[in-house]
Amino acid sequence: MELNEKYPQIIYSNLIDPILSLPPEPKKNKVKPIMYPIILVALLFSICSISVSFIRFKDSVIEGVLGTIFSIVIFLFVIVGIIFILDTTWGYKKRYNRWNKQIADLKENELKRKQRKEQIELLIRSRQSAEIETYEVDESVRKGICEIWFYKKIKKIIEPKDGEVSINKKVMIFGHLDLESMSTKFFYPDIAIIIENLYIDVEIDEPYTMDSKLPIHCVGSDDYRNYYLASNGWEIIRFSEQQIVEHTEKCIETIKNTIDYILNGRCGNPVTNPNGSWITNRWDETSAKNMMKNRFRESYLYDDVGNLKTQ
């Protein structure tokens, strides 16, 4: 289950993630520019120091020995520095190429993809089903401004392919994980997509509430919910509300891609154009308050004459 600081967030469940997750990119240690002259000076100093130490042996064996030990220590420091630089350049390049080949093999090897697909099919087919109820409309579960509008768009795409899309579902978690700190076993997905025994929670995150003007969905605030759902067999796709309004088709395509990747055992990032300008940053409490002051939600939700774009 991998989290990031961008929207969309794709969070695979504990069943799917071990099968489809890719090995992390090797980390590259940064060499500060000042290290090069320091190592060069230390190398020259150690060479000069060793030369001086041999000369001192003529006058004093103790001074010669101490000088030699000091010179060796400096020289070892130089060796360690050179090894570190080589590791961050040649060594990293070697690790990166090896990782890149591994990623390409996982993505392109058709036999491995079919094996992943069969493994996922077996897991989905054999696992326990979620308990799902329809909740009453007068329950205190408030839907966001865009949820019903986006739900209708997804429904047209998913349901013709034998899937069910619901917006008024009360979901009981599978029950494999008992966390005492949870006040209830039920969750209310913004939009629930169910394809046979595959369960996907589509969430639409707003930076602040319209009525009380409180920051919501700040970085970290939904982590526990994500963890609990993913730990109990739900896949999660989180979009920012801005993306839903301004890049509706890319959001729908990302949902379709995610379903396709899971059901067909495809590794990689299912987000449409993951480096495109439609990708947005998640927000903390401070940035959410700034958005509120600048009426950020209002700027993309309403047109110039004040009509809601998602009606």
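What follows is calculated from the coordinates using simple rules that are stated; it is not laboratory data. Quantities reported herein were computed from a predicted structural model and do not represent experimental measurements. For neighbour counting, all protein chains shown are included, and Cβ atoms are generated from backbone atoms with ideal geometry for every residue, glycine included.
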* Asked: When Asp211, Asp105, Asp284 are ordered from fewest to most other Cβ atoms inside 10 Å of their Cβ, what list results?
  -> Asp211, Asp105, Asp284
* Proximal lysines to Lys289, defined as alpha-carbon separation beneath 19 angstrom and excluding residues fewer than eight positions away on the same chain -> Lys6, Lys213
* Asked: Taking amide H positions as placed 1.01 Å from N in the peptide plane, with prolines and chain starts having none, which residues 5 or more places from Ser240, or on another chain, fall under 5 Å of its amide H?
  -> Asp205
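Counting other beta carbons within 10 Å of each Cβ, put Asp222, Asp260, Asp201, Asp162 in order, fewest first.
Values: Asp222 20, Asp260 11, Asp201 24, Asp162 8.
Fewest-to-most Cβ neighbours within 10 Å comes out as Asp162, Asp260, Asp222, Asp201.
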* Asked: Which part of region 182-225 falls in the paramagnetic zone of Asp284, meaning amide N under 14 Å from the point 7 Å along Cα-to-beta-carbon?
  -> 218-221
* Fraction in percent of alpha-carbon pairs per bin - 20 Å, the chain -> 25, 42, 19, 12, 2
* Asked: Over the chain, what is the percentage of antiparallel beta bridges among all DSSP beta bridges, to the nearest 5?
  -> 75 percent
* Quick one: longest stretch of the chain between exposed loop GluC sites (Glu not before Pro), exposed meaning at most 16 other C-beta atoms within 10 Å and loop per DSSP? -> 6-135
* **Exposure proxy order (Cβ contacts within 10 Å, fewest to most) of Trp278, Trp99, Trp90** => Trp90, Trp99, Trp278
* Cα gyration tensor shape for region 211-253, rounded if a/c is under 1.5, else prolate or oblate -> oblate
* Net lengthening on full extension, Lys143/Asp105 (0.36 nm per residue, minus Cα-Cα) -> 9.4 nm
* **Highest-fluctuation residue, Ile157, Ile72, Ile193 considered, GNM on the chain with Cα pairs under 10 Å** => Ile72
* Asked: For the cross-link pairs Lys256/Lys293; Lys27/Lys117; Lys30/Lys101; Lys143/Lys309; Lys117/Lys170, which exceed 25 Å when the distance is taken from alpha carbon to alpha carbon?
  -> Lys256/Lys293; Lys27/Lys117; Lys117/Lys170
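Between rounded, prolate and oblate, where does region 171-311 land on the alpha carbon gyration tensor, with a ≥ b ≥ c its root eigenvalues, rounded for a/c under 1.5, else prolate if a/b exceeds b/c?
oblate
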* To do: Choose one of Ser71, Ile132, Gly163: the residue whose Cα lies farthest towards the positive end of the charge dipole of the chain (beta-carbon charges +1 Lys, Arg; -1 Asp, Glu; about the Cα centre).
  => Ser71
